[in-house]
1. Which residues, taken from the range 266-298, are touching a helix residue (DSSP H, G or I) at 6+ places or on another chain (Cβ under 7 Å) and among the polar types (S, T, N, Q)?
2. What tally of residues in the range 64-98 results from selecting those that are farther than 16 Å from residue 109 by Cα, assigned to a loop (DSSP other than H, G, I, E, B) and open to solvent by 10 Å² or more (accessible area, probe 1.4 Å)?
3. Working only within the range 52-63, note down all residues that are farther than 16 Å from residue 103 by Cβ and either open to solvent by less than 40 Å² (accessible area, probe 1.4 Å) or touching a Cys at 6+ places or on another chain (Cβ under 9 Å) (or both).
4. Residue pairs, Cβ under 8 Å, 6 or more apart or interchain, first in the range 106-131 and more than 22 Å from residue 70 (Cα to Cα) and of a type in the set (Gly, Ala, Ser), second within 16 Å of the ligand (Cβ to nearest atom) and open to solvent by less than 10 Å² (accessible area, probe 1.4 Å). List them.
5. I'm trying to understand the selection: among the residues of the range 249-265, which are open to solvent by 20 Å² or more (accessible area, probe 1.4 Å) and closer than 17 Å to residue 299 by Cβ?
6. Is it true that residue 135 is more than 10 Å from the ligand (Cβ to nearest atom) and assigned to a helix (DSSP H, G or I)?
7. I'm told residue 112 meets every condition in (1) over 18 Å from the mean Cα position of the chain (by Cα); (2) more than 16 Å from the ligand (Cβ to nearest atom); (3) surrounded by fewer than 24 Cβ atoms within 10 Å (Cβ to Cβ) except one. Can you identify the failing condition by its number?
8. Take the residues in the range 227-239 that are buried (at least 21 other Cβ atoms within 10 Å of the Cβ) and more than 16 Å from the ligand (Cβ to nearest atom), then tell me which one is nearest to residue 162 (Cα to Cα).
Amino acid sequence: MRILVTGGAGFIGSHFARMMCERADVERVVVFDALTYAGNLNSILDLEDSPKFKFCLGRIQDEVAVHEVLGSEKVSHMVNFAAETHNDRSLLDVGSFIQTNVFGVHILFEATRKFGLQRMLHVSTDEVYGSTLSGTFTEQSPLEPNTPYSASKAGGDLQCRGHFVAFETPVVVTRGGNNYGPYQYPEKLIPFFATRLLEGKKVPVYGDGSQVREWIHVLDHCEGIFVALQKGTDGEIYNIGDHNERQNMHVVKVLLEETQRDNSFVKHIEDPRKGAHDARYSMTTDKIEALGWHPSRNFETELLSTVNWYRNNPEWWKKIQAKPDYSDFVQRFYGASLGADL
Ligand code: TYD
């Protein structure tokens, strides 16, 4: 396999690229990444030592750049991680989400067809299903996205179906739960809160924190993606989740304990997502498990390891914090509600 990993300098993509470099049955691993705010060469520095690894700078919206890398690297498989992924940012700027998650994905599907790739796997999210208080989403559940982010991801997913039905393009979609682990950009709940608590800052819980997320360790997710890439069926969708449903406040309490902070470090703020805040995500995973994949990592143990990773790698996240984009976003999004606690 000669794999193009689009978005491979981001959180999940960087773990997947590393996993591919370690596999004997993968001959070439090319990371194609635009290095937008969430792409980070420091997350893939170690891969430079692998003779099968190459980095290419480029945006998935750029057809010429995508065609250039597919042709010159004789790519056989592509896995798309490139995306704008943060719900809160999508409330501030919808356009960039449509550009990357809808138009960019269109460029990748067309290129898959044009270059006759053996398979393209598009990485999506359980958020396309919307929220369910008591049910569990199957791959057949209707798409009812509730934020500009999840709506843009649903737009990408539906193009997969359109391409497969109309052109028999060999595409597979995976929908993952909420990921956690090392190298996650510190704007999502776990790394944002872990880094703030390590620094002795308060954490902003939206509303009462009763929302439920289904957590999966990033390496379990990447293993599932590879199984779907190898053994999935063209045109099919595979949920990849680990059934670790936890209320946000449960996760926050573990983070407080692990960083030796008390409840005074929690600040409940007015929910900035308002009606668009999904109450609960939950998925069935029978379909991917029938292909032989099973998650193996324990949520509580790995959450502690993740906090320890942030504790032991401050140079990785402090470099991010020092960039204007990060402080601008935190100021713009949390300035009013956190006030002096920012
Ligand atoms: P997040 O990590 O942004 O992922 P997603 O929106 O994709 O689920 O948020 C996870 C949950 O944590 C979600 O219910 C919103 C909540 N949350 C907060 O309460 N405060 C925060 O500062 C952030 C970033 C998230």
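The values are calculated or read from the model by the stated rules, or taken from the named source; none is laboratory data. These numbers come from a predicted model, not from an experiment. All Cβ positions, even for glycine, are placed from backbone atoms using ideal geometry, and neighbour counts span all protein chains on display. Side chains included, ligands, DNA and RNA excluded: accessible areas come from the protein's heavy atoms. Shrake-Rupley method; radii C 1.70, N 1.55, O 1.52, S 1.80 Å.
1. Within the range 266-298, 296 is the sole residue that qualifies.
2. Total meeting the criteria: 6.
3. Here is the first cut: in the range 52-63, the residues farther than 16 Å from residue 103 by Cβ are 52-57.
52, 53, 56 - these are the residues of the range 52-63 that are farther than 16 Å from residue 103 by Cβ and either open to solvent by less than 40 Å² (accessible area, probe 1.4 Å) or touching a Cys at 6+ places or on another chain (Cβ under 9 Å) (or both).
4. Pairs that qualify, where the first residue is more than 22 Å from residue 70 (Cα to Cα) and of a type in the set (Gly, Ala, Ser) and the partner is within 16 Å of the ligand (Cβ to nearest atom) and open to solvent by less than 10 Å² (accessible area, probe 1.4 Å), are 130/150; 130/278; 131/278; 131/281.
5. Scanning the range 249-265 gives 249, 250, 253, 254, 257, 258.
6. Considered against the rule, which asks whether it is more than 10 Å from the ligand (Cβ to nearest atom) and assigned to a helix (DSSP H, G or I), residue 135 comes out as no.
7. With (1) over 18 Å from the mean Cα position of the chain (by Cα); (2) more than 16 Å from the ligand (Cβ to nearest atom); (3) surrounded by fewer than 24 Cβ atoms within 10 Å (Cβ to Cβ) applied to residue 112, the lone miss is (3).
8. Here the residue is 237.
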